[in-house]
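A short reminder: the numbers here are calculations on the coordinates, not readings from a lab. Bear in mind that the values here come from a model prediction, so they are computed numbers and not experimental data. All Cβ positions, glycine included, derive from the backbone under ideal geometry; neighbour counts span all protein chains shown.
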Amino acid sequence: MSENPFDLTDRVAVVTGGYGVLGGSMAEALAEAGAKVAVLGRRQEAGEAKAEALREAGADALALTADALNEAQLRQACEELLDAWGRVDILINAAGGNVARARTDNGPVFGLPFDAFDEVVRLNLHGTVYPTLIFGEAMARQAKGSIVNISSMAAMQAISGVLGYSVAKAGIDNFTRWMAVDLARRCGAGLRVNAIAPGFFIAKQNRGVLVNADGSYTERAKTIVAKTPMGRFGEAAELQGPVLWLCSDAASFVTGTVLPVDGGFSAFSGL
């Protein structure tokens, strides 16, 4: 193990959804730790802008334009990355989020459109499985690499209004453990797969559900805060430490785990 086991100098990292609020923060943390960072997403302009911001901060960064649900685009992106930097050491599967049409906040779940359910499951579950299989194969050839998936509190408890999202994130937990076992046994102990399970963070996708037009919290937001022992929402930067740990040699014997980063939400019974 190196003198500083958290050092990621010259490691090559891919962050899907790397221009979002949470994914972008993770990309920044990896860059600050010395990694070369590829920002992957389907919005080319947003990816290029994030990569440029990372370069301006002194990092090696590039943008890869690909839909996390499109096999051909993902394979092309992986080839571009290997041509540029020769290897893949880290994959953060940060692409995902809920789909507005798949929410059932205002009535029984029976009105959930089937295609909306399919869309949110594919976005969150398939959108993690596909990049893992493609970039993970490159890691397997090296016999070394770290994959970090993004789970959720919705995988652990029933949270109203988000059936499809919850089902997908529960799938992420199982997929994380399954891949951790399979890669370590078949491809070598240097390959690790873990996940973080964020509690509640305010991002673009959920702001309208949690924050009123005047900046005050909605009733749902107040309920969440009351159920969180630390009494607040998380900040995007508070995911950086757990992600850096899981990606680094400091976590070299950690695989198949789902780490809550939730201010105590999952530990609290409500009493």
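For the residues K204, K36, what sequence is obtained by ranking on other C-beta atoms within 10 Å, fewest first? Display every interim value, and only then the final one.
Values: K204 9, K36 24.
Lowest count first: K204, K36.
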Quiz item: Does anyone have the angle between helix 44-56 and the longest principal axis of the chain? Alpha-carbon axes, 0 to 90°, nearest 10?
Solution: 60 degrees
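Using packing as a proxy for protection, rank 21-31, 49-59 so that the peptide with the highest average count of other Cβ atoms within 10 Å comes first.
Numbers: 21-31: 24.3, 49-59: 16.3.
Highest mean packing first, the order is 21-31, 49-59.
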Quiz item: Counting only residues 5 or more places away or on other chains, whose amide H sits under 5 Å from the amide H of F201 once H atoms are built in the peptide plane?
Solution: G234
Self-check item: Where labels lie 7 Å past Cα in the beta-carbon direction, separation of F253 and A226 in nm
Solution: 4.4 nm
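Would you calculate a helix-derived [θ] at 222 nm for the chain, using -39,500 (n - 2.57) for each DSSP H run of n ≥ 4 and dividing by the full residue count, to the nearest 500? Intermediate results must be reported in sequence, preceding the final value.
Details: 9 runs with 110 residues, N = 271.
After summing the helix terms and dividing by residue count, I get -12500 deg cm²/dmol.
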Quiz item: In degrees from 0 to 90, rounded to the nearest 10, what is the angle of the helix 71-85 Cα long axis to the longest principal axis of the chain?
Solution: 40 degrees
Exercise. Step through the residues of segment 221-236 one at a time and calculate ³J(HN,Hα) from phi using the Karplus curve (6.51 cos²θ - 1.76 cosθ + 1.60, θ = phi - 60°), rounding each to whole Hz and writing x for Gly and Pro.
Key: 4, 5, 5, 4, 4, 5, 8, 9, x, 6, x, 7, 7, x, 9, 3
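Mean separation of Cα pairs under 8 Å and 6+ residues apart, divided by the residue count of segment 114-271: what relative contact order is that in percent?
Working: 233 pairs, mean separation 42.2, N = 158.
Reported relative contact order: 27 percent.
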Self-check item: Option label - Cα extents along the principal axes in Å computed here, alternatives (i) 48, 46, 38; (ii) 51, 40, 38; (iii) 51, 41, 34
Solution: (ii)
Quiz item: Percent relative contact order of the chain, based on C-alpha pairs within less than 8 angstrom and at least six residues apart?
Solution: 18 percent
Self-check item: Long-range amide H partners of I147 with built H, under 5 Å
Solution: L91, R192, V193, N194
Quiz item: Out of residues 5 or more away from T257 or on other chains, whose amide H comes under 5 Å of its own, with H placed 1.01 Å from N in the peptide plane?
Solution: A195
Quiz item: Say each of Q76 and Y217 gets a label point 7 Å from the Cα, pointing the same way as Cα to Cβ; how far apart are those two points in nm?
Solution: 4.5 nm
